[in-house]
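Let me begin by presenting the structure, written as structure tokens, before commenting on it.
Derivation of every value follows stated rules applied to the coordinates shown; laboratory data play no part. None of these values were measured; they are calculated from a predicted model. Cβ atoms come from the backbone with ideal geometry, glycine included; neighbour counts cover every protein chain shown.
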Amino acid sequence: MKYDVIVIGSGPGGYVAAIRAAQLGLTVASIDKRKELGGTCLNVGCIPSKALLHATELYWKMEHQAQEFGLKATSCTYSLEKIMERKQKIVTSFNEGIRALFKKNKITFFQGSAKLLSPTKVQVAGEVIEGENIILATGSEPTPLPFLPFDEKQILSSTGALSLDHVPKKLLVIGAGVIGVELGSVYSRLGSQVEFVEFLDRICPTLDTSLSSEFEKILTKQGMRFRLSTKVLSAEITPDQITLRTSSEQLTGDTTLIAVGRRPFTQNLGLEAVGITLTPQGAVPIDHRFRTVVPTIYAIGDIVDGPMLAHKASEEGVAVAEIIAGQNPVLNYLAIPNVIYTSPEVAAVGLTEEEAKKLNLTIKTGLFPFKVNSRAKCTGEEEGFVKIIADSTTDTILGIHILGAHASELIAAASLAIQNKLTTLQLAHTPHAHPTLSEALKEAALALHQRAIHR
Ligand SMILES: Cc1cc2nc3c(=O)[nH]c(=O)nc-3n(C[C@H](O)[C@H](O)[C@H](O)COP(=O)(O)OP(=O)(O)OC[C@H]3O[C@@H](n4cnc5c(N)ncnc54)[C@H](O)[C@@H]3O)c2cc1C
């Protein structure tokens, strides 16, 4: 059978592209080398990490905050095994959910490693299948350090860190980016001593500078240690100890997590056979309609340029399916939010102050701290603030940055504002429920006009 579309990779880019293409009446085959659908995000990324973050945050709050609320928990303990079991149950239920969606949408799934044979032919599990169009969505993999190969016991990638059977005594995290601080938080809350080594001079460097410095202070207060502007040069490993030699000193621990970034995964995909050459960063080059140099082959998600985010991959999945079906979707990359699911959370959308200045835009900024927000007071989540960056001539919102509890949920309104090019006055004049954390957004918008009510 010849399919209208073959999608290689069933992560949030690939499976969403497959479903959208099927909704549009196209015949679709999906291929993944994993038996479970959902890709990195569902199996070893977004979902398992958030399950661990939530469980450990509850534990941490019982240990450190219960008393403040007048609650008495005489002995609060945990079972790592049970925490991991719950995580896996969540993952499995969504694996089954996507399989059911495939069935509902009449998508044929092939399990196996796919290899391109020609612009329309793919080899998988000993078969050759043919497609009018092919979408590559093979995602990314953790970047290793040449002198520290992953063994997933002592030297962990994020994948190993999501399935440990014990809590490390001292965890050395190389790289204080999003994945590093999320997984570092998980084990810090369970009692590990967590120390970060970061090559750059600040943590989570894509954040607006004001957020990343405040964020570092908060995580330090929680017990994590950060060595910034420090490069790991080499390592010595014995069965129960790891020694990292860095540009400043030697650090020892029993386990290390390497979280220095991810790289596009295109191994054995057969790109050479069809004439696709990768960029120097290892990404598949595409035009503004996700088309590679081969007119029948498209690429989306982590294997192409742009932020490596599940929802970015999914938006591209929808867009590419619609393009193949003859539509003209528009994807506004500026409205794609970025979230860090620590406690407190961090979420941002649009330009940072530094990016806006680099573009020579004349800007104004408005700030509102959660410590004077009434809901934050009630829930004991007073850390952080909302910062809004706007064009000083047109008042259009350019960026919204939130450091604070539930920032991942609050950012949706900010994305809506950026997507629709709203002004800060439009946000300020929108009624917000009281008492809610979202009032801090309204107040930050009012602050831009020297009209904040509660400050
Ligand atoms: C620990 C961690 C936490 C994360 N948390 C978040 C988060 O909270 N929010 C967020 O937005 N992003 C998060 N991410 C990033 C997110 O997981 C990725 O951006 C997203 O999964 C990319 O989707 P994708 O569809 O491009 O590729 P992937 O999800 O990587 O899926 C690619 C699929 O292709 C398959 N494949 C590869 N090669 C072949 C082949 N030749 N043949 C057949 N199949 C193949 C793979 O098996 C895989 O299933 C996290 C990542 C990690 C590691």
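Structure notes:
- Applying 1/(1 + (r/R0)^6) with r as the Cβ-Cβ distance of Glu96 and Thr393 and R0 = 60 angstrom yields a FRET efficiency of 0.70.
- Two-site label geometry, Met1 and Phe147: point separation in nm, points 7 Å out along Cα→Cβ: 5.4
- Charges were assigned to the Cβ only: +1 to each Lys and Arg, -1 to each Asp and Glu. The resulting dipole of the chain about its Cα centre is roughly 560 debye.
- Once C-alpha pairs closer than 8 Å and six or more residues apart are averaged by separation and normalised to the residue number of the chain, the relative contact order reads 15 percent.
- Net charge contributed by nearby residues that have their C-beta within less than 12 Å of Ser213 (K/R +1, D/E -1): -2
- The chain: translational diffusion in µm²/s, Stokes-Einstein, Kirkwood Rh over Cα pairs, 10 °C, 1.306 mPa s: 67
- Under the combined filter of DSSP loop state and at most 14 neighbouring Cβ atoms within 10 Å, the stretch 95-201 retains these GluC sites (Glu not before Pro): Glu152.
- Residues with amide H under 5 Å from that of Phe109, placed H, sequence gap 5 or more: Ser30
- The relative contact order of the stretch 158-251 comes to 23 percent, based on Cα pairs under 8 Å that sit 6 or more residues apart.
- With the convex hull constructed from alpha-carbon coordinates only, the stretch 110-261 shows a mean projected area of 12.1 nm² over all directions.
- Once you reduce the stretch 185-256 and the stretch 358-435 to the center of their Cα atoms, the two points are 30 Å from each other.
- The stretch 23-96-the stretch 282-305 distance, computed between alpha-carbon centres (Å): 31
- Estimated FRET transfer efficiency when R0 is 25 angstrom, pair Gln193-Met62 (beta carbons, to 0.05): 0.75
- Every Cα-Cα pair of the stretch 224-377 was included, and the share exceeding 20 Å stands at 70 percent.
- Per-residue ellipticity at 222 nm computed for the chain from its helices equals -9500 deg cm²/dmol, with DSSP H segments shorter than 4 residues left out and the rest contributing -39,500 (n - 2.57).
- Cα-only Debye scattering, the stretch 332-455: base-10 log of I(q)/I(0) at q = 0.12, 0.19, 0.20 Å⁻¹: -0.38, -0.97, -1.07
- Listed by Cβ neighbour count within 10 Å, with the fewest neighbours leading, His434, His449, His311, His288 appear as His288, His434, His449, His311.
- Proportion of all alpha-carbon pairs of the stretch 201-258 beyond 17 Å (%): 50
- Fewest neighbouring Cβ atoms within 10 Å first, the residues Arg455, Arg34 line up as Arg455, Arg34.
- The simple spin-label model puts a point 7 Å past each Cα toward its Cβ; for Glu272 and Ala433 those points are separated by 5.8 nm.
- Counting neighbouring Cβ atoms within 10 Å and putting the fewest first, the residues Leu331, Leu422, Leu351 line up as Leu331, Leu422, Leu351.
- With one equal scatterer per alpha carbon and no solvent term, the Debye-computed log10 I(q)/I(0) for the stretch 1-59 at 0.21, 0.25, 0.27, 0.29 1/Å reads -0.77, -0.93, -1.01, -1.08.
- Within the stretch 68-197, the ratio Rg/Rh, alpha carbon atoms throughout and Rh by Kirkwood, equals 1.11.
- In loop segments of the stretch 286-331 as defined by DSSP, the trypsin sites (Lys or Arg not before Pro) with at most 13 further C-beta atoms inside 10 Å of their C-beta are Arg289.
- Extension reserve of the Thr206-Ser374 stretch, reckoned as 0.36 nm per residue once the Cα distance is removed: 57.5 nm
- The label-point distance for Val330 and Ser213, in a model that sets each label 7 Å from Cα toward Cβ, rounds to 3.8 nm.
- Full extension of the segment from Thr220 to Thr279, taken as 0.36 nm per residue of separation minus the current Cα-Cα distance, would add 17.5 nm.
- The residues neighbouring Gly270, those whose beta-carbon lies less than 14 Å from its own, together hold a net charge of +2 under the Lys/Arg +1, Asp/Glu -1 convention.
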